[in-house]
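Working notes, beginning with the structure itself.
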Amino acid sequence: MTRPIIAGVDGSQESLAALAWAAREAVRRGLALRVVHAWRVHAQEVIEAGIGGDADSQAEWVHGAVTDAVGTVTARHPDLAVTTDVVEGPVADTLVAAAADAEMLVLGSRGHGRIVGFLLGSVGQQVIAATTCPVVLVRAGDQPSSEAAGREVVVGQQGDPEDSADALRFAFETAAARGATVRVVRAWNLPPVFAYSPGSLKLLDEAGGLEPYERKSLAAAVRPWRERFPDVPVEEHVEMGSASQVLLSVAGTAQLMVVGRRAHRTAVGARIGSVAHGMLHHADCPVAVVPHA
């Protein structure tokens with residue numbers, strides 16, 4: 001059974017942009033779109049909208065707002081299958097549960113210091129860290145023109161080939177659906193002296209040095225995806241620097257940034273990794289965070 005693309009909406013401009021992005025992606029991939037709105041009685045967005053009264057009154061307002069948002073999408077894409085779910089309950093839990101059966105989850109993002117909409121405070125981090133499908137974050141100013149030919153799908157690759165396999169798969173599938181080029185980026189830094197082992201020194205010597213070694217590692221990681229998607233143009237990008245800095249340096253020509261994440265929990269809550277965190281806050285294009293299997 002094919003899984004839908006899920007868009008979380010909350011009435012913000014960011015979430016409406018995310019809904020539009022999700023609808024276009026669903027059309028490209030031939031998938032259904034499921035629109036989810038989670039709310040609580042006296043939820044902040046309801047209060048800010050000036051909607052008072054009892055729970056029934058608030059529910060009526062929420063359903064109306066969702067219906068209006070979905071109506072815009074169905075008018076643009078009349079053949080797209082769209083369903084809606086308005087759920088009274090915890091936002092993060094509702095989104096994570098919905099995403100369990102989704103191809104991807106698409107949410108609104110403000111970035112540049114904080115994530116809003118569904119991603120208030122720790123909620124967004126909880127959602128990204130707990131979902132088993134890719135989560136795509138979209139800014140309010142996102143436009144279909146940003147997906148025009150010439151703008152790349154950029155994906156970060158690190159470690160061994162299997163470490164980034166899920167992110168690479170998502171990037172190549174997206175590029176294939178859009179007729180876009182994939183730019184695969186591998187950043188590297190000089191390791192401390194104590195990190196060298198006899199085995200690693202031998203590999204470096206055989207490769208001819210650090211940068212050639214990194215280029216060979218990237219080529220090995222990309223090779224199976226080139227073979228699986230022979231019609232997708234590929235640019236292999238190796239550059240010295242931190243992963244966040246190198247990815248941001250090429251984000252200006254990206255229509256989508258794809259990064260992997262290996263979420264882990266600490267005493268102060270879930271963490272999604274510094275690279276994903278940096279992209280969500282500073283990349284202007286939509287960012288897809290893909291969990292490692």
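Miscellaneous remarks
- Of the whole protein surface, D85 contributes about 50 Å² of accessible area at a 1.4 Å probe radius.
- Listed residues H277, H292 arranged by accessible area, highest first, probe 1.4 Å: H277, H292
- Most to least accessible of S249, S57, S164 (protein chains only, probe 1.4 Å): S249, S57, S164
- Ranking by accessible area, most exposed first, for S15, S145, S244 with a 1.4 Å probe: S145, S244, S15
- Amide N proximity, region 234-263 versus E211 label position 7 Å along Cα-to-Cβ, cut-off under 12 Å: 238-241
- Cβ-Cβ FRET estimate between E162 and A81, R0 fixed at 41 Å, reported to 0.05: 0.75
- Difference of contour (0.36 nm per residue) and Cα-Cα distance, A59 to T132: 23.3 nm
- Extension gain, E227 back to E88 (0.36 nm per residue minus Cα-Cα distance, nm): 45.4 nm
The values are calculated or read from the model by the stated rules, or taken from the named source; none is laboratory data. Remember, it's a predicted structure, so these values are computed and weren't measured experimentally. Counting neighbours? That spans all protein chains shown, and the Cβs are built from the backbone with ideal geometry, glycine included. Heads up: the accessible areas ignore ligands, DNA and RNA and are worked out on the full protein's heavy atoms, side chains in. Shrake-Rupley method; radii C 1.70, N 1.55, O 1.52, S 1.80 Å.
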